[in-house]
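The values are calculated or read from the model by the stated rules, or taken from the named source; none is laboratory data. For clarity, every value in this text was computed on a predicted model and none was experimentally measured. Please note: Cβ atoms are built from the backbone with ideal geometry, for glycine as well, and neighbour counts cover all protein chains shown. When the accessible area is computed, the model is the full protein with side chains, heavy atoms only, and any ligands, DNA or RNA have been set aside. Shrake-Rupley method; radii C 1.70, N 1.55, O 1.52, S 1.80 Å.
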Amino acid sequence: MTQRNLTRRFLLGTAAMLAGVSLLPQGALAAEPLKVAGVYTVPVEQQWVSRIHKAAEAAQERGDIEYTFTENVSNTDYARVLREYAESGNQLIVGEVFGAEAEAREVAADYPEVAFLMGSSFKQDEALPNFAVFDNYIQDAAYLSGIIAGAMTESGNIGMVGGFPIPEVNRLMHAFMAGAREMNPEIKFQVSFIGSWFDPPKAKETAFAMVEQGADVLYAERFGVSDAAQEKGVLAIGNVIDTQAEYPETVVASALWHFEPTLDAAIAAVKAGAFKADDYGRYSFMSEGGSSLAPLGTFEGKVPQAAMDMMKEREQAIKDGSFTVDINDEEPKSS
């Protein structure tokens, strides 16, 4: 066969191959898993981050993403880790920038082709189109858990231990307090912040002091509080995750955060080439499937019926839009 015929057959074969490619369904070439990285300032077992990590692992198991992560990243090192993940070909980076906001946005500006989905107290900026924000807007579930707490306290004194008085903590505490007051408008609250996202011993000691001051129900926004409640023989209300199995005689109810709707929406946007500066906080609302009240487990049948009736009525109203839980980001105070 002459060189000319060989060349002609090669070109025809190449043209046929390309023609075949053009007949593939739209998006078939983009079926590869999305490269996603998580950057976390705390261990992945910490309540808040565990929900992001769980959602990412579920997406990876479905084959939607290829997921890697780094935990326990200090705020001072956060930008460096973000930059390394951006440089290594990740298409979506998720994390929390509450202590490294400005630095994270600077990194995003340097990598416009990478999508950044970050937990933040601030809103999106249209001038930074590849940086979207989210938050755990689970005030709906927190409100419902408050109704149960208000019915279970005998002393009318509830202790609340939080990490920092930032909007994502404050709004949940206010919603919980509003729910508790539905059952007893005279309830008193002890409110304290430990100045850490992960310090179980300090949270435990703070909770001990609240029990000494008469609290018989504790709002466990941080790890360590339920341990204190268990040791002192009082009740606890969980937050973000369900720990009823670990504290079967202590944790009555928990407001759960489901990050799956948030992450799945971001993955779909990146794959469609439609990711933009946006507020993904709405995907945490109960109406979007982003939050729920955990099953009562061992406390089934032990919560007063009046509280259960109100809780179920309000839950349905929240879902159908006829009742809205107030979002109050101001720092809550003790009664």
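Reported count of residues in segment 291-335, each being part of a loop (DSSP other than H, G, I, E, B), touching an Asp or Glu at 6+ places or on another chain (Cβ under 9 Å) and open to solvent by less than 90 Å² (accessible area, probe 1.4 Å), is 4.
Inclusion of V73 among residues that are surrounded by 15 or more Cβ atoms within 10 Å (Cβ to Cβ), under 20 Å from F164 (Cα atoms) and more than 17 Å from the chain's Cα centre (by Cα) is warranted. Residue under question is G238, and the condition is that it be surrounded by 20 or more Cβ atoms within 10 Å (Cβ to Cβ) and either touching a residue at least 24 places away in the same chain (Cβ under 8 Å) or more than 19 Å from the chain's Cα centre (by Cα) (or both); does it hold? So G238 passes the test. If you go through segment 87-127 and keep only what is surrounded by 16 or more Cβ atoms within 10 Å (Cβ to Cβ), in a loop (DSSP other than H, G, I, E, B), touching a residue at least 60 places away in the same chain (Cβ under 8 Å) and not aromatic (F, W, Y), you end up with Q91, Q124.
Selection within segment 261-280: residues that are of a type outside the set (S, T, Y) and within 17 Å of Q139 (Cα to Cα). The member of this set that is surrounded by the most Cβ atoms within 10 Å (Cβ to Cβ) is P261. Do we find that I187 is more than 22 Å from the chain's Cα centre (by Cα) and either surrounded by 16 or more Cβ atoms within 10 Å (Cβ to Cβ) or more than 30 Å from K35 (Cβ to Cβ) (or both) in this structure? Yes, satisfied. Within segment 141-161, the set of residues being in a helix (DSSP H, G or I) and surrounded by 24 or more Cβ atoms within 10 Å (Cβ to Cβ) comprises A141, A142, Y143, L144, S145, G146, I147, I148, A149, G150. From the list F164, F193, which residue is closer than 14 Å to W48 by Cβ and open to solvent by 30 Å² or more (accessible area, probe 1.4 Å)? Of F164, F193, the one residue that is closer than 14 Å to W48 by Cβ and open to solvent by 30 Å² or more (accessible area, probe 1.4 Å) is F164.
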